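One structure is given below, encoded as structure tokens.
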Amino acid sequence: MDWDWTYTGDILPDLLDGLRLTVTATVLGYLIAVVLGLVWTLLRRTPSRVVNGAVRWITEFIRSTPLLVQLFFIYYVLPTWGITLGALTAGIIGLGLHYSTYTAEVYRGGIADVPRGQWEAAVALNLPRPRVWFDVILPQAVRRVLPTLGNYLIAMFKDSPLLLAINVTELLAAAYKAGSHSLRFLEPITLVGVLFVLVSVVSSILVRLLETRTHATD
Amino acid sequence: MTDVLDAYPQLLKGAWITVQLTLLGSALALVLALAFGLAGTARSAWVRALNRVYVEFFRGTATLVLMYWFFYALPLVGLRFTPMFAAVLSLGLNIGAYGAEVVRGSVRAVPRAQYEAAVALNLTPAQRMRRVILPQAVALMLPPFGNLVIELMKGSAIVSLITIGDLTFRAKQIQNSTGETLWTYVAILVLYFVIAQVLQLLVRLAERRVDRILGRRPGRARRRARAVAAEVGG
Amino acid sequence: MPPTETVPGDVPELPKKAAAAPLPAGDAPGLRFEKVVKRFGDTTVLRDLDFTVAPGERVTLIGPSGSGKTTILRLLMTLERPDGGLIWVGDDTLWHREKKGKRVPADQKHLHEMRKQIGMVFQQFNLFPNMNVLRNLTEGPVRVLGLSRDEAVERARQLLDLVGLADKIDAHPSRLSGGQQQRVAIARALAMRPRVLLLDEVTSALDPELVVGVQDLLRDIARESDLTLLCVTHEMNFARDISNRVLMFDQGRIVEEGTPEAIFDDPSEPRTREFLRAVRAS
């Protein structure tokens, strides 16, 4: 079987529609991951042992179980509690929740890397607690971990095809649909594969550039 | 809830397939990681290029897309894989690419002085790698490898989408037969969690063993390993 | 640090008869540098360096840091590649080989052949942390020289006796003090029966109270063997004891050379006097 270019042209619009959903899910999911991850990290610094321990186990549980099963859980179990979500919304929440446990680790490392002297200086200035966090510690920590956070954006992009399992017509699902109409899977899936490699490789190069810049300004 | 527990033979069957996928996928990933990771430390620029192409390509692809490609697209050009083979191949190729970066980073993290001492003892290049550099690099590889095995285990859930009867696949079955949506998924998630915790325990035991062989205090080894992990972005 | 370090100067006297057994013996080659050039990036460390070391001669290189002394040892151990000139070990060139009457860059095989005569002890010991003391000593003899395991173990025992660490044979390097590690490293180098021994600031990384033990050991080895010895050190008393000849280096060139007495007691070059004054003051 040879590559059919006319067919490739025919399915392209469908694939682009799918790509739109893929990008939407990745970006919105990423926003959740970036914010929720920070919440996890800050909760783990609270003096309460109970909160600290609970957050530790919750994040550990989410991190060490499959994203796919979590998507099923959100999509199929929540409606039995009266919370019905659209497929895309469920997918975005699932992606964001899963990756928030990774970004939490990233923030934690970043905060640990802020020199002790910065804390001591803040205490010496008698700054109130929230000011210490939001004006002194976090800006430094986040700047340090920016490249790593960028890597997780790429990772989420690569995990977004899982959303097809809960009926989101993202890129891979669009390709699969196109393929099952004509029973030609070679062109659509190869195209999707090439697209993923291109986007990932280009964005890793961007992250590496960001990395050198972060190091340079340190 | 009891209905779900009654379905335990199915759960166990699914868990066993998940474990099998994890073991086979990890074995393939390990072989690829060593081969391509060591290629990344080679003197020849051509051999190093081999490492770059493999790593960039398979780190860049989404595992599910790769699996679909093996399963749906390749048969059309005459290559037909069993679902299990397509699954192990895509999981192994993907995690192997991350593993190759770990291997390359760990080998480079062994102090140059060790290489020099091996030269001074007139060991051949192969002996230097096999007897001196690799045994020390392995200590640095273990913690990130452990994380990768857990990633592979979690990633294996996608095989349910090409009809392999793993743990995730059983969820749909049990849900249909019992009508218990909540407890079905809770049971499945807990089983995955248990498998992950067991894997983590095994990794920690292995780390401790290597620490003892190298006469290291565990803390130091882990810090260095973390530095390597951070460097390879794993 | 483990408390088992022997008191300075407490290194066992060499048993006079047995000493010959573990120490390497045979014809030691001479060394010759011929217009050797070594650059690192833009800086030229050695420029057209010429000097000769006679077979069995013991030469110490002194001079300020960055003067190229260590580079000379590293060139001889094939850890650095020269950018020009020839290095002779006996009748052979180290970095070149003959091919159809022409001199071409050495391949791995030639380097492997040449390295058989040369051993080196490093400033930081560089013991292999993935092996215990015995394996550190037997690995080379078994893998490279092709000794049987029994022969290699026997050789290792004799050498550990010599360096006074027979009881540490099964210990892990990380359990030894710096001085003990360095003595194991010396034994490891001798186990390969080199004819040329290179000592690269072997006591610089040691705590002051451990220095004397290692120096005494090396002094004894130098006296009892007929190795060609090339030594880089900042310990002027040690240099005086161990060598027949001292070369004073500065900026990649030899400023002055002579017997230890001549150099240390009556140096003629101002640069040498200045350097010795600085070293003694510290």
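A few notes on this one:
- B:TYR54 in a helix (DSSP H, G or I), within 14 Å of chain A (Cβ to nearest Cβ) and surrounded by fewer than 23 Cβ atoms within 10 Å (Cβ to Cβ): yes
- Residue match in the range C:114-126 (condition: assigned to a helix (DSSP H, G or I) and touching a Ser or Thr at 6+ places or on another chain (Cβ under 8 Å)): yes
- Test: C:VAL142 is under 16 Å from the mean Cα position of the chain (by Cα), more than 9 Å from chain B (Cβ to nearest Cβ) and either without any contact (Cβ under 8 Å) to a residue 12 or more places away in the chain or crowded, with 22+ Cβ neighbours inside 10 Å (or both): no
- Taken over the range A:60-109, the residue count meeting the criterion of being surrounded by fewer than 23 Cβ atoms within 10 Å (Cβ to Cβ), more than 10 Å from chain B (Cβ to nearest Cβ) and of a type in the set (Ser, Thr, Tyr) is 4.
- Listed conditions (1) at pLDDT 80 or above; (2) under 16 Å from the mean Cα position of the chain (by Cα); (3) open to solvent by less than 60 Å² (accessible area, probe 1.4 Å) are all met by B:VAL210, apart from (2).
- Filter pass, C:ILE186 being touching a Cys at 6+ places or on another chain (Cβ under 9 Å) and either open to solvent by 20 Å² or more (accessible area, probe 1.4 Å) or in contact (Cβ under 8 Å) with a residue 40 or more places away in the chain (or both): no
- If you go through the range B:69-100 and keep only what is in a helix (DSSP H, G or I), open to solvent by 10 Å² or more (accessible area, probe 1.4 Å) and either within 12 Å of B:LEU32 (Cα to Cα) or of a type in the set (Ser, Thr, Tyr) (or both), you end up with B:TYR72, B:LEU89, B:LEU93, B:ASN94, B:ILE95, B:TYR98.
- Only one of C:GLY119, C:GLY90 that is open to solvent by 20 Å² or more (accessible area, probe 1.4 Å), within 30 Å of C:ALA262 (Cβ to Cβ) and in contact with a Pro (Cβ under 9 Å, 6 or more places away or on another chain): C:GLY90
Rundown of residues vs (1) at pLDDT 95 or above; (2) open to solvent by less than 20 Å² (accessible area, probe 1.4 Å); (3) more than 22 Å from B:ALA118 (Cα to Cα), yes/no style:
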| residue | (1), (2), (3) |
| --- | --- |
| C:GLU34 | no, no, yes |
| C:ARG39 | no, no, yes |
| C:THR43 | no, no, yes |
| C:LEU46 | no, yes, yes |
| C:THR52 | no, no, yes |
| C:PRO55 | no, no, yes |
| C:GLY85 | no, no, yes |
| C:LEU94 | no, yes, no |
| C:LYS99 | no, no, yes |
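- In the condition set (1) surrounded by 24 or more Cβ atoms within 10 Å (Cβ to Cβ); (2) facing another protein chain (nearest Cβ under 7 Å); (3) under 22 Å from the mean Cα position of the chain (by Cα), B:ALA171 is compliant with all but (3).
- Failed condition for A:VAL168, given (1) in a helix (DSSP H, G or I); (2) within 18 Å of the chain's Cα centre (by Cα): (1)
The values are calculated or read from the model by the stated rules, or taken from the named source; none is laboratory data. It should be emphasised that the depicted structure is a prediction, and the values quoted were computed from it without experimental measurement. Ideal geometry is used to build each Cβ from the backbone, glycine not excepted, and the neighbour counts take in all protein chains shown. Surface accessibility is based on the protein's heavy atoms, side chains included, excluding ligands, DNA and RNA. Shrake-Rupley method; radii C 1.70, N 1.55, O 1.52, S 1.80 Å.
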